Amino acid sequence: MSLLQLIGITAVKILIIFTMMMLTVSYLVYFERKISAWAQNRLGPNRVGWYGLLQPFADVFKLALKEDIVPTNANKPIHTLAPVIALFVAFTTYAVIPFGPDISLFGITIPLVVADVNIGILYVLALSSLGVYAITLAGWSSGSKYSLLGGIRSSAQMISYEVSMGFSVAGVLLFAGSLRPAAIVLSQHGWMWNALLQPIGFITFVVSAFAETNRLPFDLPEAEPELVGGFHTEYSSMKFAGFFLAEYANMIIASALIVTLYLGGWQVPYIESIGLPAGLVIAIQIISFFAKIAFLLFFFIWVRWSIPRFRYDQLMSLGWKVMFPLSLINIVWVAGLIMIFRL
Amino acid sequence: MSLRRRKKDLTFWEKIYIPEIVKGLALTLKTMFKPKYTVEYPEVKFIPPASYRGRPVLVMEENGKERCVACGLCSRVCPPLAIFVQAAETPDEKERYPVKFEINMIRCIFCGFCEDVCPEEAIVMSKDYELAFSSREEAIYGKDKLLTPIKQVQDRINFLRQYK
Amino acid sequence: MPKIVLDGKEIEFSQGQTIIEAAKAAGIIIPHFCWHPKLSVSGNCRVCLVEIEKSPKLAIACSTIASDGMIVSSMSDKAVAARNAVMEFLLINHPLDCPICDEAGECKLQDYAYTHSTGESRFTEEKVHKDKRVPIGPRVMFDAERCISCSRCIRFCDEIAKDPELTFVQRGDRVTIVTYPGSELDNPYSMNVVDICPVGALTNRDFRFKARVWELSSTESICIGCARGCNTEIWVRNNEVLRLTPRLNEEVNSYWMCDHGRIDTFKFVNDDSRVDGPFLRHKDKLIRAGWDEALSKAVSTLKQYTKEEIAFIASPYVTCEDNYLFARFAKSVIGSKNIDFMRHIDPTFGDDILRREDKTPNSKGAELVGAIPAKGGLSFDGIMTGIKSGRIKALYIIEDDIVSAKPELEDILSKLDLLIVHSTNFNKTTELADYVFPSSTYTAKNGVFVNFQGRAQRIRPAASTIEQDRALDGMNLSRLDKFGTPFDSWANSKQRDARATWRIIQALMQIYGIKPKYSIAEDIFIDIAKNIEAFKGLNYEILGDLGVKLKTAKPELV
């Protein structure tokens, strides 16, 4: 495989993934509104386009036309930089998530992942921690008390939940013996899904993922009733849209990560042994990957419209007194499994 | 000092939290498939019951004349001073009629006091809630807009007779 | 002093007083309809029933003469029950058409129905129907159904107006009031029956259905109909004067005022002919001008004449303050001796009740403050002959339509080179004028009138001009005034660009380089009190609501 081919193929993959991300993000907003409406006996957006399907474009169009207001006492460069960081982190993380098995096209073996990095998980953890900078900087640079409070809450929350998240992932790594996402996916062949093998780790990871994405019940940095929007109080127009998109992109990342680490990635248990044509198998596998993500995204939204927000002290005590010990227990559990069953 | 106890202490399963979350999720999921309450407004209109207090209107008798005798009680009782009445003499038996009757719909708060105080059942709250103006002048409703045939407000009058 | 005990309170009375009079003197009002302090006792309404100890039956307080040691109770169960019963009887045939009745809001029957009635009627039969809307006189409307047959109006015509026109006819529940055959209720005081009628049976035809009384503000003032200077209240809504009512002043008019004063002295205030802003003559036409332009042009034109060529006509219609400053302007600023005012005497107008032959409110005051010729100066007639002979070339008139009063003056005034007029309305005099300054009416300013008795009485602003703000200038406010905004049709009346005459004179004096520092009318009055013997020691507060009789009423020659 020549360098040119590599660059070309990668570029195509980036393009496909980026487009898909953008589309998914915009329709995620649409579904967020639809599902919230359904959960409240309402209809949701149904005016723009057929069943309101053009609503996301109308929203983007509206946001683009809005005046970009920067508060007088804001730190302008950082104020502008923050949403860029948020978006950058959200989109780059996706580079290491495999969404299907390797395929052969025109005699070239193409891994269905943008960058098959052998320390992929480390990369994800590193970047997702960077995301908090966007929020903290946004909060600080706005020159507003509400925003600052939102930013501070975000950093504290991030530190608390990063810990249990890391420990939960450690359990997965013990099984896989690799930091490569593709390897982790392959290690969950058959029904050996990590979600089933280490349910405690799965739960702590999901909870931490909610916290990391600032989704309800952990959306304290935004907390409309208390902080008037928190870190993005002082953002308008496309900068606000940046944060908005980043939040939903993060949701996709978190879902993809959960699928990759715990739900067997693109694998469908024992599908290879049924005897279907190879092409069909791969197609089913790719679809299963997206189906799993779709379910998780629904789950994210579903949870948001079901569970009220935690109080700040509850958030902290949950993080340190429950999630952290549980993830430690999970490591012991996994280690025990490995010891006993020689996995 | 004893610790303040909560009225209802959580049980073990509630403390675990997960079952409660599942319960909550089940509830919202169930709701998602229930019929919706939304009324798709401009196409489908909400027709309020007789107890509804929409914009106040003047009752027009079958002979095309208003019932109002311009006593000014509605104007006096109106908390935001939305109503202005100018009386004048008429050869009709009622002697007095409103030559000018204005309700400033920007001031009106739809309290229904005017209707409550009216000795003639001449001003009643209608079912009209579609009010929009583009200027202050437009929001001042004169007799032309206020006079409503008695048939259109008959159910409100019946309601008042029953419950006032 | 003999004493009676009324409701546990010992009160003194003078021999011959009835219980109701004694109570009133002590500040206790026993409920009453037919009794009136100025009318004879008729005792037919029965609502003043009181219980007197050792007397077998209840007695009516209005005709029972008080005697020493009487123990009277108007609050005992028996008295209250009797009052409730009387109220119930009175209300049996009362039509309860308060919504269309002009009396509503100031109705004695309405008030008593709240304070002295059970609020329930046991009467379910058909009420007696009588004539409604009867034009019983040119200025009074009669509604027979509302009448409670108290006979106050009949007694008023007999005793006060001295012109018996009304009487009861029929009996029982068919009793009603009619005029004697061939006559109407048209005596010059007929509208007082509207005030004394305790219900809405007799109402003011002029004010009929114009407004509800609770929408109006009322301001204490003085009638300008004649030299009597009856004390009045001016009732205003949305800056429009809607009616005048008399105000009690035992020294001047008691409870009464004449119909002329009541309806002919305020219409011009609301009229479309009001002068709105200063006007200049330009090519035979009066053109609206700015204040500064009009004032400075008037002064520069005045300066073209010698002081002997200028004459001044003051006015018995304006306040002492206006006349005082005008006289000072004429005598010390211009240096003219020719200042006088026209007397409006109508011998047919006067009578021996209230009306006076002098049909102006302040001729006495104008004389006292110096609006009369100085030694060697020309009187009114002298000025007119002076104009005819060409000696007087310029004339300055304030607020008096002398041409309408004496049509022959039109030819004389048209001979003038310069005529400056202050006027509230356009009239025959302003038609001849070169400069017309808009003056505010007596309803829009503070000031003092001196009536024929030499009694100084205050007028107060009730309707505002452009230079006033009702709230900031402390004028009486109605509810509508308090809460109205310029966006409410009931609060954005036209305010005319007019000023009190003294303000216009002061502005002229300032152009002449003299700077009198009067910021309110009372400043001038304090000046008058300092300089003129008759007013010594007075100010607005001392004048109060009822005025003060001046010590001397003889004009000094200045």
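So, restricting to helices (runs of 4 or more DSSP H) that lie completely within segment A:222-307, which ones have at least 1 residues that are at pLDDT 85 or above and of a type outside the set (Val, Ile, Thr)?
The helices (runs of 4 or more DSSP H) meeting that bar are A:237-262, A:278-304.
Can you tell me which of C:Val86, C:Val128 is β-branched (Val, Ile, Thr) and in the same structural domain as C:Thr179 (by TED's automatic domain parsing)?
Residue meeting the stated conditions: C:Val128.
Just the residues that are part of a loop (DSSP other than H, G, I, E, B) and either at pLDDT 90 or above or of a type in the set (A, V, I, L, M) (or both), please, taken from segment B:138-164.
B:Glu138, B:Ala139, B:Gly142 - these are the residues of segment B:138-164 that are part of a loop (DSSP other than H, G, I, E, B) and either at pLDDT 90 or above or of a type in the set (A, V, I, L, M) (or both).
A:Pro45 - would you say it is part of a loop (DSSP other than H, G, I, E, B) and modelled with pLDDT of 85 or more?
It is true that A:Pro45 is part of a loop (DSSP other than H, G, I, E, B) and modelled with pLDDT of 85 or more.
Residues being among the hydroxyl-bearing types (Ser, Thr, Tyr) and surrounded by 18 or more Cβ atoms within 10 Å (Cβ to Cβ): count how many of those fall in segment C:51-92.
Residues that pass the stated criteria total 3.
Conditions (1) in contact with a strand residue (DSSP E or B) (Cβ under 9 Å, 6 or more places away or on another chain); (2) in a loop (DSSP other than H, G, I, E, B); (3) surrounded by 20 or more Cβ atoms within 10 Å (Cβ to Cβ); (4) among the hydrophobic types (A, V, I, L, M, F, W, C), marked per residue:
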{"residue": "A:Pro98", "(1), (2), (3), (4)": "no, yes, yes, no"}
{"residue": "A:Arg153", "(1), (2), (3), (4)": "no, no, yes, no"}
{"residue": "A:Met158", "(1), (2), (3), (4)": "no, no, yes, yes"}
{"residue": "A:Ser168", "(1), (2), (3), (4)": "no, no, yes, no"}
{"residue": "A:Leu174", "(1), (2), (3), (4)": "no, no, no, yes"}
{"residue": "A:His189", "(1), (2), (3), (4)": "no, yes, no, no"}
{"residue": "A:Met192", "(1), (2), (3), (4)": "no, yes, no, yes"}
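Mind telling me which of the residues C:Ser404, C:Ser489 ends up being farther than 18 Å from C:Phe341 by Cβ, open to solvent by 20 Å² or more (accessible area, probe 1.4 Å) and of a type in the set (S, T, N, Q)?
Checking each option against the conditions leaves just C:Ser489.
When you go through B:Ile140, B:Ile83, B:Ile123 one by one, which is the residue that is within 29 Å of B:Phe46 (Cα to Cα), within 14 Å of another protein chain (Cβ to nearest Cβ) and in contact with a Phe, Trp or Tyr (Cβ under 8 Å, 6 or more places away or on another chain)?
Checking each option against the conditions leaves just B:Ile83.
When only residues in segment A:312-323 that are within 23 Å of the chain's Cα centre (by Cα) and surrounded by fewer than 18 Cβ atoms within 10 Å (Cβ to Cβ) count, which is nearest to the other protein chains (Cβ to nearest Cβ)?
A:Val322
Please name all residue pairs, on different chains or six or more residues apart, with Cβ atoms under 7 Å, provided the first residue is in segment A:43-69 and is open to solvent by 60 Å² or more (accessible area, probe 1.4 Å) and the second residue is of a type in the set (Val, Ile, Thr).
Sorted first by the residue in segment A:43-69, then by its partner, the pairs are A:Leu54/A:Val48.
Tell me which of these C:Thr115 doesn't satisfy, since it passes every other one: (1) in contact (Cβ under 8 Å) with a residue 60 or more places away in the chain; (2) buried (at least 20 other Cβ atoms within 10 Å of the Cβ); (3) β-branched (Val, Ile, Thr).
Just one mismatch for C:Thr115, condition (2).
For segment C:137-227, list the strands (runs of 3 or more DSSP E) that sit wholly inside it and hold at least 1 residues that are touching a residue at least 40 places away in the same chain (Cβ under 8 Å); which are they?
C:140-142, C:176-179, C:202-204, C:217-222
Starting from segment C:375-394, keep only residues that are free of Cβ contacts under 8 Å to residues at least 12 places away in the same chain, then list their pairs with residues that are surrounded by fewer than 18 Cβ atoms within 10 Å (Cβ to Cβ) whose Cβ atoms are within a distance under 9 Å, requiring at least 6 positions of separation or different chains.
C:Thr385/C:Arg391
Select from segment C:241-296 the residues that are in a loop (DSSP other than H, G, I, E, B) and acidic (Asp, Glu) and list them in ascending order.
C:Glu250, C:Glu251, C:Asp264, C:Asp271, C:Asp272, C:Asp276, C:Asp284
Answer yes or no as to whether C:Gln468 is part of a loop (DSSP other than H, G, I, E, B), at pLDDT below 90 and among the polar types (S, T, N, Q).
Criteria met by C:Gln468.
Confirm whether C:Glu21 is closer than 28 Å to C:Asn253 by Cα and not in a loop (DSSP other than H, G, I, E, B).
Taking the combined requirement at face value, the residue satisfies it.
Please determine whether any residue of segment A:325-342 is open to solvent by 70 Å² or more (accessible area, probe 1.4 Å) and within 14 Å of chain B (Cβ to nearest Cβ).
no
Give segment C:300-327 a look and list any residue that's farther than 16 Å from C:Lys393 by Cβ and surrounded by fewer than 23 Cβ atoms within 10 Å (Cβ to Cβ), or say none.
Residue satisfying the conditions is C:Ala327 alone.
Which condition from (1) out of contact with any Asp or Glu (no Cβ under 8 Å at 6 or more places or on another chain); (2) away from chain C (no Cβ under 14 Å) is the one that B:Lys65 breaks?
(1)
Please enumerate the residues belonging to segment B:126-137 that are open to solvent by 60 Å² or more (accessible area, probe 1.4 Å) and within 12 Å of chain C (Cβ to nearest Cβ).
Scanning segment B:126-137 gives B:Arg136, B:Glu137.
Quickly run through segment B:30-45 and pick out the residues that are aliphatic (A, V, I, L, M) and facing chain A (nearest Cβ under 7 Å).
Correct list: B:Met32 only.
What helices (runs of 4 or more DSSP H) lie completely within segment B:7-104 and have 1 or more residues being loosely packed, with under 14 Cβ neighbours inside 10 Å and without any contact (Cβ under 8 Å) to a residue 60 or more places away in the chain?
Filter on segment B:7-104 gives B:12-16, B:18-32.
Checking the conditions here, which among C:Lys375, C:Lys337, C:Lys331 is assigned to a helix (DSSP H, G or I), open to solvent by 20 Å² or more (accessible area, probe 1.4 Å) and assigned by TED's automatic domain parsing to the domain that holds C:Glu309?
When all the criteria are applied, what remains is C:Lys331.
For segment A:1-9, indicate whether the set of residues that are surrounded by 14 or more Cβ atoms within 10 Å (Cβ to Cβ) and assigned to a helix (DSSP H, G or I) is non-empty.
Yes, segment A:1-9 has at least one match.
Looking only at segment C:437-454, which residues are open to solvent by 20 Å² or more (accessible area, probe 1.4 Å) and out of contact with any Phe, Trp or Tyr (no Cβ under 9 Å at 6 or more places or on another chain)?
C:Phe452, C:Gln453
The values are calculated or read from the model by the stated rules, or taken from the named source; none is laboratory data. All values reported here derive from a predicted model rather than from experimental measurement. Reconstructed Cβ throughout: ideal geometry from the backbone, glycine too, with neighbour counts over all protein chains shown. Ligands, DNA and RNA are excluded from the accessible area calculation, which covers all protein heavy atoms including side chains. Shrake-Rupley method; radii C 1.70, N 1.55, O 1.52, S 1.80 Å.
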